[in-house]
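FYI, it's all coordinate maths here, none of it is from the lab. What you see is a predicted model, and the numbers here were worked out from it, not measured in a lab. Reconstructed Cβ throughout: ideal geometry from the backbone, glycine too, with neighbour counts over all protein chains shown.
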2 protein chains.
Amino acid sequence: MRIAQVAPLAESVPPRLYGGTERVVSWLTEELVRQGHQVTLFASGDSTTSAQLVRSVPEGLRLGGIRDHTASLLVMLDEVRRQAADFDIIHFHVDLLQFPMFRKASDRCLTTLHGRLDLSDFHPVYRTFRTMPLVSISASQRVPLPAANWLATVQHGLPFGPPPAETQDRSYLAFLGRIAPEKRPDRAIEIAKRAGIPLKIAAKVDPADQEYFQHVIQPQLDHPLIEFIGEIGDHEKRDLLGNALALLFPIDWPEPFGLVMIEAMREGTPTIGWRSGAVPEVIDEGVTGYIVESIDAAVAALTKAFFLDRKAVRQRFEERFTASRMAQDYITAYERVLDAPTATMPRERSVIPPRPLPIAMPGALADDWPQFSGVSQVQI
Amino acid sequence: MRIAQVAPLAESVPPRLYGGTERVVSWLTEELVRQGHQVTLFASGDSTTSAQLVRSVPEGLRLGGIRDHTASLLVMLDEVRRQAADFDIIHFHVDLLQFPMFRKASDRCLTTLHGRLDLSDFHPVYRTFRTMPLVSISASQRVPLPAANWLATVQHGLPFGPPPAETQDRSYLAFLGRIAPEKRPDRAIEIAKRAGIPLKIAAKVDPADQEYFQHVIQPQLDHPLIEFIGEIGDHEKRDLLGNALALLFPIDWPEPFGLVMIEAMREGTPTIGWRSGAVPEVIDEGVTGYIVESIDAAVAALTKAFFLDRKAVRQRFEERFTASRMAQDYITAYERVLDAPTATMPRERSVIPPRPLPIAMPGALADDWPQFSGVSQVQI
């Protein structure tokens, strides 16, 4: 299959440091190539891939200091459109800017929504461009928007990677991701202090969260049990997760997936997660971790987590959350898009009901403008 | 002429409180209607206009609590496209999201750029969508982007309004707009204190500037000469400006126009402005104000400002900055777009050079997708 993957431009693919979506796009792309597909990746110029790379900007925009990504994304989407005829399927990971440009190509496009959908800011666009097939990354992500044009849920997956090390010290807890109020690092610190177990915090601090970090979190870091490491790369991450007793995921928002839970799982490390967003869909209670709703319950779960079979944690990862499974799910989704009869994919009505086209044209080429009566179509 | 005006959705048209672009769109729209044109205004549902209003969202997004405007703008632009056949010209005031959707309609579109252009974030889009005619609101605004597809510079204009009151007390200075580092309210406060003249500050504080307000400006407000009024409406604004000795405009950024300077001018009130951005293009030195580069020069200019002929200030407003003049300039720009031979408006090349169309089609309807060889055009 000739597949275009259209990545966000915030980070390179894969990202040098933080960057969940670009990481997933990388894993998916590499796995699709491995499975023999012909993949073109639209991404920042500092990306590395075994697919064909179309460099849309010189480097990832966040580290390049570009704050408003709209212009760069529009330029990339224009290049995707220019090359559109070369692809059987175009897979977007960039939210919504592509909807107007690719509406009439909805019979060979799909969009994975990677973010939260509970903010009403974005809802109008899903109503207006309702022919664009959407993929959710969890069932809970869909809840605020049940009537959108959902095609499938595809949970994220990771490369197998080496088997977890046998000599794990399990002497500490891990918190990994962003320092932000909704990630509740304060809860993680509280749990560690109550349990008397060291906590390693590896996290980036966005400019928007700088004040929260300085005023709420930093004062709590000056404690013998708490260690703040900052933003780390992939290799350090595996060490950090693999040697941890458990990952703490004490979130307080509708997390659409929670990639770090399966990154821990891959290293055989269970997660103590709050019952919110996709957490109950990812953790198998009593196998790969525990789902809690209070600090007390989290502290109690730590003892149980110590006795979980870490081989079984890894085993469950291999069954549910590999990149190979994710890629296979996406191939199934691509086939559904391509096979879908028009009836199951509602189409926008033209202002004037369309007359038959004189020559068969791929859907992607259909005129995306309202039709004028009398001049819009040629009768043979 | 059948004209579409496409407004931003941050504020109603006109805005209830702050909102420069929506205010200009309102003045332009009303003046075009007054001159006998058939105008359709795409704007928020709480807008008021004598044009035909297409309500794109229920209310202005800022006061409605919507932070990300992208989805709402895309939905509005889709509606513009749906109605595109009804207009001779489509005039956008929404920066860049319309570029991909209306590229092939560039022979009857134009876009006024209302913001600063010195941020490189946006430059890629002007290169890629280089057929879209652009209007600048000052010459200085263009400087960072000289090679864009500039059609004209049209300075803003205001409705005549009633003649300035004769009984102006001129006992204070005015600062009006946003509290933000680049607007330098601190300079205004310093000038007032040095000159010993009261200063009235009427300004909104955006969430992004809350910290600057609290830490830098608020401590300076506790002084007998300084009065902070907050955000005010149009009527209060005229009073505030009309009774002021001078408007202080001590900006420290490339202000693309500086609407408040001509709002003061309309009331016969001169401006003391910093030499930056469009200030030297708006102020006629020694007639409608003074252009300075230091606090000392600003304090010295206040004495001269007291002796300026306020009738001459108003007179200069009537000559240069009325809505009627602005509307006439735009009509001239619209005619230039419609009359332009293709040669002066560079067009994107198709992948396959286009063959003659079998039936004359307006440019706006041309297929916006790359052409496949052999199926793209019908030969008669």
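Could you work out the percent of alpha carbon pairs in the protein assembly as shown separated by over 52 Å, rounded to a whole number?
23 percent
With respect to the cross-link table entries A:Lys193/A:Lys237; A:Lys200/A:Lys304; A:Lys183/B:Lys204, which display a Cα-Cα separation exceeding 29 Å?
With Cα atoms farther than 29 Å apart: A:Lys183/B:Lys204.
Using the per-residue mean of other Cβ atoms lying within 10 Å as a proxy for protection, in what order, highest first, do the peptides A:135-144, B:49-58, A:216-225, A:38-47 fall?
Peptide ranking by packing, descending: A:38-47, A:135-144, B:49-58, A:216-225.
What whole number of Å gives the distance from the Cα centroid of the range B:101-153 to the Cα centroid of the range A:74-103?
Taking the Cα centre of each part, the range A:74-103 and the range B:101-153 sit 23 Å apart.
Highest mean first, what order results for A:2-8, A:262-268, A:333-339 on Cβ atoms within 10 Å?
A:262-268, A:2-8, A:333-339
For the range B:294-330 and the range A:202-217, what is the separation of their Cα centres, given in Å?
Centre-to-centre distance over Cα atoms comes out at 47 Å.
If you take each beta carbon of peptide A:94-103 and count the beta carbons of other chains within 10 angstrom, what is the mean?
Whole-number average of other-chain Cβ neighbours for A:94-103 is 4.
Semi-axes of the range B:1-147's equivalent ellipsoid from the Cα gyration tensor, sqrt of 5 times each eigenvalue, largest first, rounded to whole Å?
Semi-axes (√(5λ), whole Å): 22, 18, 15.
When the Kirkwood radius is taken over all Cα pairs of the range A:157-217, what Stokes-Einstein diffusion coefficient follows at 37 °C and 0.692 mPa s, in µm²/s?
243 µm²/s
So if I place +1 on the C-beta of Lys and Arg and -1 on the C-beta of Asp and Glu, and nothing else carries charge, what would the dipole magnitude of the range A:84-166 be about its Cα centre? I want it in debye, nearest 20.
Approximately 380 debye in magnitude.
Name the residues whose placed amide hydrogens come within less than 5 Å of the amide hydrogen of B:Leu53, ignoring near sequence neighbours (fewer than 5 apart) on the same chain.
Distant-sequence amide H within range of B:Leu53: B:Leu41.
Under a crude label model (7 Å from the Cα following the beta-carbon direction), how far is A:Ser171 from B:Gln38 in nanometres?
Result for the modelled spin labels: 8.2 nm.
Translational diffusion coefficient, Stokes-Einstein: compute it for chain B using the Kirkwood radius over C-alpha pairs as Rh, at 10 °C and 1.306 mPa s, and state it as an integer in µm² s⁻¹.
71 µm²/s
Please work out the Kirkwood hydrodynamic radius for the range B:173-320, using every pair of different C-alpha atoms, and report it in angstroms with one decimal place.
15.0 Å
Along the Cα-to-C-beta direction of A:Ala147, a point sits 7 Å from the Cα; which residues of the range A:86-129 have their amide N less than 20 Å from that point?
Those under the cut-off are A:117-129.
One-quarter of the Cα convex hull surface for the range B:252-323, in nm²?
Value for the range B:252-323: 4.3 nm².
Please get the size of the charge dipole for the protein assembly as shown, origin at its Cα centre, with Cβ charges of +1 on Lys and Arg and -1 on Asp and Glu, quoted in debye to the nearest 20.
1220 debye
Search the structure for amide H atoms under 5 Å from the amide H of B:Val292, placed 1.01 Å from N in the peptide plane, and list their residues when 5 or more places away or on another chain.
Those lying under 5 Å, H to H, from B:Val292 are B:Gly273, B:Trp274, B:Arg275.
Taking H as built 1.01 Å from N, whose amide H comes closer than 5 Å to the amide H of A:Thr322, not counting residues under 5 places away?
A:Leu158
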